[in-house]
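This is the structure, below, for whatever I ask next.
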Amino acid sequence: MNQKYLARHVVGLRPSGIRKFFDIVATMKDVISLGIGEPDFVTPQPIVDAGIRSLQAGETHYTSNAGLIELRQAISNHIFKLYGVEYDPKSEVIVTVGVSEALYLVMTALLNPGEEVLVPTPCFVSYQAEVTLAGGVPVEIPTYVADGFQVRPEALLEAITPRTKAVLLGYPNNPTGAVYTRSVLEQIAKIAEQHDLVIISDELYDQLVYGVEHVCFPSIPGMRQRTVLLGGFSKNYAMTGWRAGFACGSEDIIKGLVRIHQYTIMSAPTMSQKAALEAITNGHEFVVQMRNEYDRRRRLIVGGLNSLGLPTFEPKGAFYAFPNISVTGMDDETFAQKLLEEERVACVPGSSFGAGGEGYIRCSYATSYEKIEEALHRFESFMRRHG
Ligand SMILES: Cc1ncc(COP(=O)(O)O)c(C=O)c1O
């Protein structure tokens, strides 16, 4: 392909390892996919109905740039109720096209050329790219299974330079399933204060935790003013296709986000905002139902992989298992490739998620219990040959 017209920062972007892999999967038959990071559930009916009602009522226009005020109010109420953090819906909340857009906005709004963002890895595949696209430099901070994939505060400290602007946290974590503990978060807070760093906290999976507390970063004393909280609807409410999310933060930062959003997006889709309003106001029972089912599947897959000799950290949140596959002597790309070719099970090589992901694969359990059972049978026959 002739890329001569493309800007250098775009040519330099690595294609997502996930997409590359799933282009191959799409051409194959009888594949069990543990690869895609989205709920297998269809959006709960009352939420769908709210979107349909909005269209039928002729709400086919833009909303205000920052989003429907009823939705911003509901987001603000929700965060206050769950975490005790107060955001003014008029000036401290913006509705975005998913956390994906919120990430883009926050990086573009905060970063001057060459400023560094510390990114604990393995992490969601977009983080490094979003920093790069905004002219910043992502600095990967690997996390390790021995620490339960928690960030080592001393590793953050060591990576700080005069150019460090922010830390980008993602928890419950994609792909490891780690949920950062209060004690680790408090240590990060101390570092942020000492070095005047912004914390960008992607808490998209906040309600998908299993038996542990989710600590919302801005609820840590002193952190609200220096945190941009990112959240949304895609995972908690099975709404990936609606493309709705939000960012909350201090008025000065949110103003910057709104400025970019108004020129690039205008406003998030109106019917999706109405569906999101229904979700966040009345959707709790569906979250609980889906979470219980994810938990059942989580136990199955983690137990199954461990018993096949693939050491698997117990994920406390999100819907991913992250087994270590080094026992097979293969690297993670080779393992994923062979597993797909020989057993028709699709997983994502851990190295797609940055430093620290090598030697692992990500298996999503946002797929049916029966499919996970069948996938484990296929893993078993794979491990008989390669274990
Ligand atoms: C950690 C994390 N953040 C953000 C996103 C993007 O989500 P959204 O659908 O809200 O854009 C994903 C999607 O997989 C994710 O895993």
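Tell me which lysines have Cα within less than 19 Å of residue 190's Cα, excluding those fewer than 8 residues away on the same chain?
Filter leaves 165.
Leaving out ligands and nucleic acids, and using a 1.4 Å probe, what accessible area per residue does the chain come to in Å²?
I get 42 Å² per residue for the chain.
Per residue of the range 149-155, in order, report the coupling 6.51 cos²θ - 1.76 cosθ + 1.60 (Karplus, θ = phi - 60°) as ³J(HN,Hα) in whole Hz, putting x for Gly and Pro.
These are the phi-based 3J(HN,Hα) values: 6, 7, 6, 8, x, 5, 5 Hz.
On to the next question. Just report the Cα centroid separation between the range 31-88 and the range 282-338, whole Å.
Measuring centre to centre over Cα atoms gives 27 Å.
Let me ask something additional. When the chain is treated as a GNM, springs tying every alpha-carbon pair under 10 Å, which of 207, 225, 273 comes out with the largest mean-square fluctuation?
225
Another question, if that's okay. What net charge do the residues around residue 314 carry, taking every other residue with its C-beta under 11 Å from that of residue 314, with Lys and Arg at +1 and Asp and Glu at -1?
Overall, the nearby charge balance is +3.
Could you name the lysines whose alpha carbon sits less than 27 Å from that of residue 4, not counting residues in the same chain fewer than 8 places away?
20
Under the rule a/c < 1.5 gives rounded, and otherwise a/b versus b/c splits prolate from oblate, where does the range 6-113 land using the Cα gyration tensor?
It is oblate, given that a/c is not under 1.5 and a/b is not larger than b/c.
Go through 189-195, 3-9, 294-300 and give me the packing order, highest mean Cβ count within 10 Å leading.
Per-residue Cβ counts within 10 Å, averaged per peptide and sorted highest first, yield 294-300, 189-195, 3-9.
For residue 141, which sequence-distant residues (separation of 5 or more, or a different chain) have an amide H within less than 5 Å of its own amide H, given hydrogens modelled in the peptide plane?
119, 121
Take residue 306 and residue 6, extend 7 Å from each Cα along the Cα→Cβ direction, and tell me the distance between the two endpoints in nm.
4.3
What are the residues whose amide H is under 5 Å from the amide H of residue 228, where those residues sit 5 or more places off or on another chain and H is modelled from the backbone?
Residues meeting the criterion, in which the H sits 1.01 Å from N, are 199, 200, 201.
With a 1.4 Å probe and every protein chain kept in, tell me what percent of the accessible surface of the chain is carbon plus sulfur.
Carbon and sulfur atoms account for 53 percent of the accessible area of the chain.
Summing -39500 (n - 2.57) over the DSSP H runs of n ≥ 4 in the chain and dividing by its residue number, what mean residue ellipticity at 222 nm do you reach, to the nearest 500 deg cm²/dmol?
Calculated from helices alone, the mean residue ellipticity at 222 nm is -13000 deg cm²/dmol.
Next question. Please give every one of the lysines within straight-line cross-link reach of residue 255, meaning a C-alpha to C-alpha distance under 16 Å, and leave out same-chain neighbours fewer than 8 residues apart.
Output for residue 255: 90.
Leaving ligands and nucleic acids out of the surface, order 287, 48 by accessible area at 1.4 Å, largest first.
The residues order as 48, 287, largest area first.
Go ahead and set up a Gaussian network model of the chain, Cα springs under 10 Å, then flag whichever of 164, 121, 181 fluctuates most.
181
The values are calculated or read from the model by the stated rules, or taken from the named source; none is laboratory data. Since the structure is predicted, the reported quantities are computational estimates derived from the model, not experimental observations. Because the Cβ atoms are built from the backbone with ideal geometry, glycine has one as well, and the counts that use them run over all protein chains shown. Surface areas here come from the heavy atoms of the whole protein model, side chains and all, with no ligands, DNA or RNA. Shrake-Rupley method; radii C 1.70, N 1.55, O 1.52, S 1.80 Å.
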